[in-house]
Amino acid sequence: MAVLSEVKKHYGKLKQFINGEWVKPESGKYFETTNPATGEVIAEAPVASMKEVDRAIAAAYEAFKKWRNVPFRDRSKLIFNLRDKVNAKAEWLSRILVQDHGRTIEEARGTLARFGENIEAAGSSMYGYYMGRHVDQLANGIDCYEIKEPAGVFLIITPGNIPMHAWSSFVPYALACGCTVIVKPSRQVPLSSDAVFKVTEEVGFPPGVVNLLHMGPERGLNQQILSDPRVKGVGLIGSTRVSKELFELCGKYGKRSSLNGNGKNFIVVMPDAPVDNAVNYLLRGCFGMSGQRCLGSDNVAVIGNEKRYKEVKEAFIAASKAMKVGYGLDESVELGPLTTQQGKDKVVEFIESGLKSGAKLLLDGRKVRVKGYEKGYYLGPTIFEGVAADMYIAQEEAFGPLANLFRPKDLDEAIRLINGTNYGHSACIVTESGKTARRFIRECEVGNVGINAGIPQPYAFFGLGSKKDSFFGMSKSRMDSVKLFLDEKTVTLRWV
């Protein structure tokens with residue numbers, strides 16, 4: 001199958017988007033970004049200065065004064081216009097996402113579908129959330145009602161693995177609520193945010209409502225933004241380390257937050273699960289997006305006797321070996337590269353850690369080579385067995401195409417393994433038993449549960465669950481983020 005055409009070979013020098021204008025960095029500093037499939041530089045992204053950060057905050061703050069007073073029905077019209085433009089340019093955005101991140105074109109198209117659903121959910125949400133509550137004659141001659149008000153300016157930080165999906169998990173909800181935003185994308189994937197803002201610009205939001213700041217390695221600018229009294233909070237999908245750092249800053253400066261971190265997720269295969277179905281879920285759950293997925297799984301628990309374990313293991317290895325690795329713009333490719341060389345190196349170190357700990361390597365993805373793309377950041381599916389629960393590879397997220405096979409004797413032990421990590425993103429089970437599934441749902445200490453699924457991705461109008469060290473803050477992302485962006489005011493009236 002032919003490789004789809006790239007939108008551009010090189011995108012040149014990107015700009016910041018501040019107060020409705022595309023501007024060059026005053027610092028004159030740029031950093032290079034590469035196509036993960038080829039290893040070639042495809043753009044240079046700007047590095048924001050402290051002065052530009054202050055300009056973006058001022059622009060968002062001044063815009064908020066007017067945007068908050070725009071009737072929510074009019075805001076929703078703009079949100080739905082954004083949805084229509086995103087849907088119309090979905091293929092264009094998908095191909096840029098493949099070049100920027102490395103996922104396959106099928107995965108990118110799926111992301112754009114979720115992107116549009118988030119925007120639609122945000123535009124629809126205000127018709128219910130703005131209604132508030134009212135009690136007539138609360139006491140003699142006294143009425144009481146509640147008003148929902150936009151909170152203000154927010155910093156939104158998007159990650160390297162889901163740059164567009166994370167954008168849509170916060171930004172449209174903030175705008176629908178009447179808030180304004182400053183978006184800081186991961187330096188790993190600056191092109192994705194650049195493309196999204198180009199589409200957003202066409203919608204006609206007032207200047208300053210949405211602002212884009214590329215910051216590169218300048219992490220100290222997060223503190224500059226959050227320490228500013230004009231900024232009310234932050235939404236992040238990223239790592240647990242960064243989430244904890246930001247949570248401390250939010251506590252120090254009294255800011256609102258929704259901070260999503262790492263996970264260490266499980267898929268449990270029960271004895272009654274059809275092997276073909278189970279393997280399909282394992283391929284998607286462990287190797288989808290090359291393992292760079294918040295709700296993806298590293299750990300696989302196969303319950304059953306030796307014959308059953310061997311049957312699932314051999315089928316999983318065979319299917320994994322058959323996956324086509326390559327450039328995601330080839331529609332026949334099932335597994336793309338890691339997003340960065342540093343990311344690939346970390347996964348290689350992870351594999352080496354497993355070997356040093358005594359785990360047995362059944363399938364070694366380090367040996368994969370893609371003809372014609374020798375400089376790309378590729379790793380093939382990697383499978384371990386003989387993994388102990390206290391090993392590093394069993395406790396921490398690999399963030400690559402890796403699976404650890406466990407053999408718990410029963411569901412009790414499998415649930416103990418799941419609950420024994422510090423994280424609480426997700427857990428999935430493959431079974432034909434409703435009784436087993438119900439127990440799994442109730443006893444797993446995670447925020448997102450999948451029954452006969454590899455990725456327990458809830459629809460946009462549900463918040464992303466997540467517990468323990470996988471989440472910090474006052475509200476989850478997506479629909480639940482309206483709790484982050486809306487404040488409450490009660491009014492008590494006496495007329496008698």
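Looking at segment 463-482, which of its residues are over 19 Å from Phe154 (Cα atoms) and either in contact with a helix residue (DSSP H, G or I) (Cβ under 6 Å, 6 or more places away or on another chain) or β-branched (Val, Ile, Thr) (or both)?
Once the filter is applied, which keeps residues that are over 19 Å from Phe154 (Cα atoms) and either in contact with a helix residue (DSSP H, G or I) (Cβ under 6 Å, 6 or more places away or on another chain) or β-branched (Val, Ile, Thr) (or both), segment 463-482 yields only Asp469.
Lys324: more than 27 Å from Thr421 (Cβ to Cβ), touching a strand residue (DSSP E or B) at 6+ places or on another chain (Cβ under 8 Å) and among the basic types (Lys, Arg), yes or no?
Working: more than 27 Å from Thr421 (Cβ to Cβ): yes; touching a strand residue (DSSP E or B) at 6+ places or on another chain (Cβ under 8 Å): yes; among the basic types (Lys, Arg): yes.
For Lys324, the condition - more than 27 Å from Thr421 (Cβ to Cβ), touching a strand residue (DSSP E or B) at 6+ places or on another chain (Cβ under 8 Å) and among the basic types (Lys, Arg) - is met.
Residues that are touching a strand residue (DSSP E or B) at 6+ places or on another chain (Cβ under 7 Å) and closer than 23 Å to Val171 by Cα: find the helices (runs of 4 or more DSSP H) completely inside segment 1-115 holding 3 or more of those.
Numbers: elements: 50-67, 72-88, 90-101.
Of the helices (runs of 4 or more DSSP H) lying wholly inside segment 1-115, those with at least 3 residues that are touching a strand residue (DSSP E or B) at 6+ places or on another chain (Cβ under 7 Å) and closer than 23 Å to Val171 by Cα span 50-67.
Would you check if Leu82 is out of contact with any His (no Cβ under 7 Å at 6 or more places or on another chain), under 25 Å from Ser243 (Cβ atoms) and surrounded by 24 or more Cβ atoms within 10 Å (Cβ to Cβ)?
Numbers: out of contact with any His (no Cβ under 7 Å at 6 or more places or on another chain): yes; under 25 Å from Ser243 (Cβ atoms): no; surrounded by 24 or more Cβ atoms within 10 Å (Cβ to Cβ): yes.
So Leu82 does not fit the description; no.
In this structure, is Glu120 in contact (Cβ under 8 Å) with a residue 12 or more places away in the chain, farther than 30 Å from Gly343 by Cα and either touching a Gly at 6+ places or on another chain (Cβ under 6 Å) or not in a helix (DSSP H, G or I) (or both)? Explain how you work it out, then say what you get.
On the way: in contact (Cβ under 8 Å) with a residue 12 or more places away in the chain: yes; farther than 30 Å from Gly343 by Cα: yes; either touching a Gly at 6+ places or on another chain (Cβ under 6 Å) or not in a helix (DSSP H, G or I) (or both): no.
Criteria not met by Glu120.
Quick check on segment 133-152. Is at least one of its residues over 30 Å from Val496 (Cβ atoms) and part of a helix (DSSP H, G or I)? Write out each step before concluding.
Step one: filter segment 133-152 for residues over 30 Å from Val496 (Cβ atoms), giving 150-152.
Of the ones still in play, those that are also part of a helix (DSSP H, G or I) are none.
There is no residue in segment 133-152 that is over 30 Å from Val496 (Cβ atoms) and part of a helix (DSSP H, G or I).
With respect to Val269, is the statement that it is buried (at least 24 other Cβ atoms within 10 Å of the Cβ), over 25 Å from Ala398 (Cα atoms), touching a strand residue (DSSP E or B) at 6+ places or on another chain (Cβ under 6 Å) and touching a residue at least 60 places away in the same chain (Cβ under 8 Å) true?
On the way: buried (at least 24 other Cβ atoms within 10 Å of the Cβ): yes; over 25 Å from Ala398 (Cα atoms): no; touching a strand residue (DSSP E or B) at 6+ places or on another chain (Cβ under 6 Å): yes; touching a residue at least 60 places away in the same chain (Cβ under 8 Å): yes.
When the stated conditions are applied, Val269 does not pass them.
Scan (1) in contact with a helix residue (DSSP H, G or I) (Cβ under 7 Å, 6 or more places away or on another chain); (2) closer than 29 Å to Val98 by Cβ for the single condition Thr34 breaks and write down its number.
For Thr34, the failing item is (1).
State yes or no: is Gly304 in a loop (DSSP other than H, G, I, E, B) and on the phi > 0 side of the Ramachandran plot? Spell out the reasoning first.
Details: in a loop (DSSP other than H, G, I, E, B): yes; on the phi > 0 side of the Ramachandran plot: yes.
Yes.
For every residue, the table says whether it meets (1) within 20 Å of Met164 (Cβ to Cβ); (2) assigned by TED's automatic domain parsing to the domain that holds Pro172; (3) in contact with a Phe, Trp or Tyr (Cβ under 9 Å, 6 or more places away or on another chain).
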{"site": "Ser27", "(1), (2), (3)": "no, yes, no"}
{"site": "Asn35", "(1), (2), (3)": "yes, yes, yes"}
{"site": "Ala45", "(1), (2), (3)": "yes, yes, yes"}
{"site": "Ala59", "(1), (2), (3)": "no, yes, no"}
{"site": "Ala63", "(1), (2), (3)": "no, yes, yes"}
{"site": "Leu82", "(1), (2), (3)": "yes, yes, yes"}
{"site": "Gly116", "(1), (2), (3)": "yes, yes, no"}
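Within segment 10-50, can you find the residues that are charged (D, E, K, R) and at pLDDT 95 or above? Spell out the reasoning first.
Filtering segment 10-50 for residues charged (D, E, K, R) gives 13, 15, 21, 24, 26, 29, 32, 40, 44.
Hits for segment 10-50 are Lys13, Lys15, Glu21, Lys24, Glu32, Glu40, Glu44.
When the residues of segment 328-356 are filtered to those that are of a type outside the set (A, V, I, L, M) and in contact with a Phe, Trp or Tyr (Cβ under 6 Å, 6 or more places away or on another chain), which remaining residue is nearest to Met270 (Cα to Cα)? Write out each step before concluding.
We begin by selecting, within segment 328-356, every residue of a type outside the set (A, V, I, L, M); these are 328, 330-332, 334, 336-337, 339-346, 349-350, 352-354, 356.
Of the ones still in play, those that are also in contact with a Phe, Trp or Tyr (Cβ under 6 Å, 6 or more places away or on another chain) are 337, 341, 344, 353-354.
Working: Pro337: 31, Gln341: 37, Lys344: 32, Ser353: 29, Gly354: 25 Å.
Among residues in segment 328-356 that are of a type outside the set (A, V, I, L, M) and in contact with a Phe, Trp or Tyr (Cβ under 6 Å, 6 or more places away or on another chain), the one nearest to Met270 (Cα to Cα) is Gly354.
Select from segment 123-132 the residues that are under 30 Å from Asp228 (Cβ atoms) and part of a loop (DSSP other than H, G, I, E, B) and list them in ascending order. Before the answer, list the steps.
In the first step, residues of segment 123-132 are kept if they are under 30 Å from Asp228 (Cβ atoms); the result is 123, 125-126, 129-130, 132.
If the condition is that a residue be under 30 Å from Asp228 (Cβ atoms) and part of a loop (DSSP other than H, G, I, E, B), then Tyr130, Gly132 are the ones that fit.
Right, Asn452: at positive phi, of a type outside the set (Gly, Ala, Ser) and in contact with a helix residue (DSSP H, G or I) (Cβ under 9 Å, 6 or more places away or on another chain) or not? Lay out the reasoning, then the answer.
On the way: at positive phi: yes; of a type outside the set (Gly, Ala, Ser): yes; in contact with a helix residue (DSSP H, G or I) (Cβ under 9 Å, 6 or more places away or on another chain): yes.
Yes, satisfied.
Which number in (1) surrounded by fewer than 22 Cβ atoms within 10 Å (Cβ to Cβ); (2) part of a loop (DSSP other than H, G, I, E, B); (3) modelled with pLDDT under 95 marks the one condition that Glu445 misses?
The number of the failed condition is (3).
The values are calculated or read from the model by the stated rules, or taken from the named source; none is laboratory data. If you're wondering where the values come from, they're calculated on a predicted model, not measured in any experiment. Don't worry about glycine lacking a Cβ; one is built from the backbone with ideal geometry, like all the others, and counts go over all protein chains shown.
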